[in-house]
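A.B. asks: Just dropping this structure here.
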2 protein chains.
Amino acid sequence: MLKQFTIERPVRSRPDHIPADGNAFHSSIDAMGAPMYFARNSEIYGETEPAEYVYKIVSGAVRTYNVLDDGRRQIGAFYLSGDIFGLELAGEHTSSAEAITDCKILVVKRSTLVSLADRDNEVARELWEMTAVELQRAQAHIMLLIKTAQERVAGFLLEMAKRSASGRDVELPMSRQDIADYLGLTIETVSRTLTQLEKVAAINIPTSRRITLRNPVALTRLNS
Amino acid sequence: MLKQFTIERPVRSRPDHIPADGNAFHSSIDAMGAPMYFARNSEIYGETEPAEYVYKIVSGAVRTYNVLDDGRRQIGAFYLSGDIFGLELAGEHTSSAEAITDCKILVVKRSTLVSLADRDNEVARELWEMTAVELQRAQAHIMLLIKTAQERVAGFLLEMAKRSASGRDVELPMSRQDIADYLGLTIETVSRTLTQLEKVAAINIPTSRRITLRNPVALTRLNS
DNA sequence: CGACCATTTGATATGGATCAAGCGATGTGG
DNA sequence: CCACATCGCTTGATCCATATCAAATGGTCG
């Protein structure tokens, strides 16, 4: 079930909205979505719950993850403002989702979109496309997981930079533990690798949550 | 481009066809598909090629994979008879595909299916579903890659056994190197882990390409 | 039979995990 | 407003699972 939380602290200073780029899917959600607010670290949905809604982030950041029996956690993806997540073809979520920061999120019933797709081929195609994009993300993630620690961290930074649109300045909403669980490393290895990248002048780390790409070319080279 | 090869040796002894289970997608391919034959280790399509066709295996086995600059190969999936592969939403393949054994494969134009989907909502949904199934497979693969060697191998055997339908008797069409590249391990580690599993009486290895699950419960426990 | 290729087995090396402190920023209660 | 507790992050020392390097074995085909 959806659990709503009140925000105690002001929401993060991300652009409040990314324009719906002539995409029927985004437009639908923007038009029909009901805003909800989730506090930092609160659960948005759990792994076995019925997938009743689709989510679009207005502001904030979200992680989706799976947990093995013994507690190991693998983060499947990070979602930032403008991103859509939580869409399932079948009736059940295959991952859990949590707010990394306080979030404002638009929520639409999955069934609404599906019945819309029955009448509108374009919507149908975009539902498919959304899943296809997720698939590509997952495949890229697999390729990341077979690399060395340095390559994984470099790849992660490049990916975040590309999505940040701020170019070389990356603001990390997530903790080192989140990054570690995304990359399949330990928190210590992530930390060490970052300081090492700083030592070789590939990046700057003014604060732990802010990283500047000083030499993206070198990073790309390190990425494999 | 598609490259066709003649088969020198008899095709593998798998059931020649798995009945199309009332699924419009499978039926369409069965009805419209043109049979093609690929020799062992021949390329079915390459990573950057236009994704013109969708493939359904009648007999044989296929691997899809990606290669990093430095040559590291990651196998994304194994496909067996009855499986469909090669479907892309966009116009380009994101992986390469090769025949593991000599294969008989039904081939249908992607455009045919897509235009069919424009008129038939059920087909549209099944295109989506096909991608969704791939996504789930990829997500399961990610979870596999964060496990220990023993867990990965045990998980792989259980997965193959489930797909074999022969229950506890697994016939492996792929080499140890293929398995290693699928599991993100080296060939030596795969081999050692298998002999170790045999030593603890979890499996039998009558020949290197045939494995019997002697204690599936123990395997499941080892799987994490 | 002999050559080749896949697989197994052995010996050693190493990247990242684990265990253990230390440090710095942030928030809280006195 | 300051002292202290807490939390997230970094750094250091050591260990271990898996990679790497090397060789032996076995199975298949000409």
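A.B. asks: May I ask for the angle, rounded to the nearest 10°, between helix A:110-119 and the longest principal axis of chain A, with both axes built from Cα atoms and the value confined to 0 to 90°?
C.D. replies: That works out to roughly 70 degrees.
A.B. asks: Using the Cβ atoms and a cut-off under 11 Å, what net charge is assigned to the surroundings of A:L135, where Lys and Arg are +1 and Asp and Glu are -1?
C.D. replies: Within the 11 Å Cβ shell, the charges total -2.
A.B. asks: While we're here: Determine by what factor the alpha-carbon radius of gyration of chain B differs from 2.2 N^0.38 Å, reporting the quotient.
C.D. replies: Cα Rg divided by the expected 2.2 N^0.38 Å: 1.04.
A.B. asks: Shortest first, in nm, what separates the label point of A:S115 from those of the same position in the other copies (7 Å along Cα→Cβ)?
C.D. replies: So the label point of A:S115 gives 3.3 nm to the other copies.
A.B. asks: Also: Restricted to Cα positions, what overall size does region A:149-223 have along the principal axes? Three whole-Å values, descending.
C.D. replies: Principal extents (Cα only, largest first): 26, 23, 20 Å.
A.B. asks: Here is a further query. Quick one: if the Förster radius is 56 Å, what FRET efficiency do A:N215 and B:R214 give, using the C-beta to C-beta distance and rounding to 0.05?
C.D. replies: Efficiency, rounded to the nearest 0.05: 0.55.
A.B. asks: For a bin width of 20 Å, list the pair-distance distribution of the protein assembly as shown built from all Cα-Cα distances, rounded to whole %.
C.D. replies: All Cα pairs, binned at 20 Å, distribute as 23, 55, 22, 0 percent.
A.B. asks: Please state the equivalent ellipsoid semi-axes for region B:43-104: what are the square roots of 5 times the Cα gyration tensor eigenvalues, largest first, in whole Å?
C.D. replies: Over the Cα atoms of region B:43-104, the ellipsoid semi-axes are 19, 15, 8 Å.
A.B. asks: Using label points projected 7 Å from each Cα along Cα→Cβ, tell me how many nm separate B:S42 and A:A140, to one decimal.
C.D. replies: The two pseudo-label positions are separated by 3.5 nm.
A.B. asks: Still on this structure, please answer the following. May I have the pair-distance distribution P(r) for region A:24-143, computed from all Cα-Cα distances with 5 Å bins from 0 and rounded to whole percent?
C.D. replies: Per 5 Å bin, starting at zero, the Cα-Cα P(r) for region A:24-143 comes out as 2, 11, 21, 24, 22, 12, 5, 2, 0, 0 percent.
A.B. asks: May I pose another question? Set the Förster distance to 30 Å, then compute FRET efficiency between A:N204 and A:D83 from the Cβ-Cβ distance, nearest 0.05.
C.D. replies: With R0 = 30 Å, the Cβ-Cβ based efficiency is 0.70.
A.B. asks: Another one. Looking at chain A as a GNM with Cα springs under 10 Å, which of A:L80, A:L197, A:L89 has the largest mean-square fluctuation?
C.D. replies: Residue with maximal mean-square fluctuation among A:L80, A:L197, A:L89: A:L89.
No value in this document is a laboratory result; all are computed from the given coordinates. Keep in mind the model is a prediction, meaning the values are calculated, not measured. Backbone-built Cβ (ideal geometry, glycine too); neighbour counts: all protein chains shown.
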